[in-house]
1. In the list ASN24, ASN47, which residue meets the criterion of being surrounded by fewer than 17 Cβ atoms within 10 Å (Cβ to Cβ), under 14 Å from the mean Cα position of the chain (by Cα) and either without any contact (Cβ under 8 Å) to a residue 24 or more places away in the chain or within 30 Å of CYS110 (Cβ to Cβ) (or both)?
2. Name every residue in the stretch 35-44 that is under 17 Å from LYS69 (Cβ atoms) and buried (at least 17 other Cβ atoms within 10 Å of the Cβ), in order of residue number.
3. Within the group LYS107, LYS125, LYS141, which residue is touching a residue at least 24 places away in the same chain (Cβ under 8 Å) and farther than 27 Å from LYS57 by Cβ?
4. Being open to solvent by less than 20 Å² (accessible area, probe 1.4 Å) and over 13 Å from the mean Cα position of the chain (by Cα) is the requirement here; does LEU103 meet it?
5. Would you check which residues across the stretch 1-21 are open to solvent by 60 Å² or more (accessible area, probe 1.4 Å) and not in a helix (DSSP H, G or I) and list them?
6. Report those helices (runs of 4 or more DSSP H) wholly inside the stretch 51-148 carrying at least 2 residues which are polar (S, T, N, Q).
7. Is it the case that the stretch 27-40 has a residue that's of a type in the set (Lys, Arg) and either farther than 16 Å from ALA2 by Cα or touching a helix residue (DSSP H, G or I) at 6+ places or on another chain (Cβ under 6 Å) (or both)?
Amino acid sequence: RAEKYNDGYDLIQSHFNEDPDNVNLIDLLYVVGYYFKSEEEIIDDINKLIIQYPNQKLNLLYKMGHALKYNKSYLKSKEVFKILTENRVFAWDYYQIGIIENLLGNKENCLLNLKKTFEIDPNLKVDAQKYEELRNLIYDKEFIELTK
């Protein structure tokens, strides 16, 4: 069975090499890779792609951050998104950090990052009001005020 996953992983990686603008393939690498590779091996593979395709670095890091969050590697995911905030101003990076801080139980840091998110893109307030990973804040006075 691991051999089939390995074959699929290699196929996805070769498709990315043919079409490096299709960073959605990175999501597939994580999904398939987690069946037979360690998280560190997958991160190493993505870092190799970043070296090979430097123009895609920020997109690849963003996908890596999402995958790490999905797999509950919150601290690693947060570090990836922090790297992104050092290289660009993009509301979704701060939004993801805010969500991760919430998942870690750090409400104040969550709200600080959400505030920065909404300063950059106020339209994300509507998303935050409905986002599953922020549902625990739905009746929080500070959250309500922030998302008005």
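1. ASN24
2. Passing the criteria: ILE42, ILE43.
3. So the residue among LYS107, LYS125, LYS141 that is touching a residue at least 24 places away in the same chain (Cβ under 8 Å) and farther than 27 Å from LYS57 by Cβ is LYS107.
4. Spelling it out, it is not the case that LEU103 is open to solvent by less than 20 Å² (accessible area, probe 1.4 Å) and over 13 Å from the mean Cα position of the chain (by Cα).
5. ARG1, ASP19, ASP21, listed by residue number.
6. Helices (runs of 4 or more DSSP H) meeting the threshold: 74-87, 91-103, 107-120.
7. No, because not a single residue in the stretch 27-40 is of a type in the set (Lys, Arg) and either farther than 16 Å from ALA2 by Cα or touching a helix residue (DSSP H, G or I) at 6+ places or on another chain (Cβ under 6 Å) (or both).
Here's the yes/no breakdown for (1) surrounded by fewer than 18 Cβ atoms within 10 Å (Cβ to Cβ); (2) aromatic (Phe, Trp, Tyr):
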| position | (1), (2) |
| --- | --- |
| LYS69 | no, no |
| ASN87 | yes, no |
| TYR95 | no, yes |
| GLY98 | no, no |
| LEU112 | yes, no |
| ILE120 | yes, no |
| GLN129 | yes, no |
| ILE144 | yes, no |
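The values are calculated or read from the model by the stated rules, or taken from the named source; none is laboratory data. Treat the numbers as computed from the prediction; the structure is a model and nothing was measured. Positions of Cβ are generated from backbone atoms using ideal geometry, with glycine treated the same way; all protein chains shown enter the neighbour counts. What goes into the accessible areas is simple: the full protein's heavy atoms, side chains included, and nothing from ligands, DNA or RNA. Shrake-Rupley method; radii C 1.70, N 1.55, O 1.52, S 1.80 Å.
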